[in-house]
Amino acid sequence: MDRNTKIIIALLYEKLMLFQKLRAYYMAKQKTHFERRIEIWAEAIKLSEGFFLGSKSWRSFNPGNLKNAGQPGVIGADATGIAKFETYEAGWTALLRQLEISVTGKSKAYTPDMTLKDFTKKYTDLKDGKEIDNYLANITKRLKVSSAIKIKEIVA
């Protein structure tokens, strides 16, 4: 085998090793169906809660407008009990966690057999039917589900 052939084989081998490392990294980063559905739901809540540059939830790093329940990363609360988080990541993680424990039966406030509509009514504390319907419309559209679905079925 001549020198050029050896160099080409060595370069191909290096590329193959790099490809395998990248593939392993990508596979480790892939999310499960459960995680993807929770994230879509959380994004829908974030939008419905009015998370945008300068908003109250944006300033408090709380995309879900979660009440202060001593979640990791909480640094205080406003006068209505809405948590203020140290970072956006802490607030986002708390929202994801709230949805996860709700659908798995580990929440004190929510049960997996609640409908999405019942969950939303309780989660938001909204009283006006039109406000609830608008909030819920965004979530059902993003999740592509009915408001009558049980929350445990969202991730199934």
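The values are calculated or read from the model by the stated rules, or taken from the named source; none is laboratory data. Quick caveat, the model's predicted, so the values are computed rather than measured. Glycine gets a Cβ as well: all are built from the backbone with ideal geometry, and neighbour counts include every protein chain shown. For accessibility, only protein heavy atoms count, side chains too; no ligands or nucleic acids. Shrake-Rupley method; radii C 1.70, N 1.55, O 1.52, S 1.80 Å.
Each row is one residue, and each column tells you yes or no for (1) at pLDDT below 95; (2) touching a Gly at 6+ places or on another chain (Cβ under 8 Å).
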site	(1), (2)
34	no, no
38	no, no
43	no, no
55	yes, no
61	no, yes
73	no, yes
76	no, no
80	yes, no
Quiz item: Out of the residues in the range 35-74 that are under 14 Å from residue 88 (Cβ atoms) and of a type in the set (A, V, I, L, M, F, W, C), which is surrounded by the most Cβ atoms within 10 Å (Cβ to Cβ)?
Solution: 66
Practice problem: Out of 120, 115, 124, 111, report the one residue that is touching a Leu at 6+ places or on another chain (Cβ under 6 Å) and surrounded by 15 or more Cβ atoms within 10 Å (Cβ to Cβ). | Solution: 120
Practice problem: Kindly check whether there is at least one residue in the range 87-100 that is within 18 Å of the chain's Cα centre (by Cα) and part of a loop (DSSP other than H, G, I, E, B). | Solution: yes
Self-check item: Lone qualifier among 130, 84, 108 - being farther than 20 Å from residue 40 by Cα, touching a residue at least 24 places away in the same chain (Cβ under 8 Å) and of a type in the set (Lys, Arg)
Solution: 84
Quiz prompt | Any hit, the range 147-156, residues being modelled with pLDDT of 95 or more, more than 19 Å from the chain's Cα centre (by Cα) and farther than 14 Å from residue 44 by Cβ | solution = yes
Exercise. Output the number of residues of the range 78-95 satisfying the condition of being farther than 22 Å from residue 135 by Cβ and either hydrophobic (A, V, I, L, M, F, W, C) or open to solvent by less than 80 Å² (accessible area, probe 1.4 Å) (or both).
Key: 3
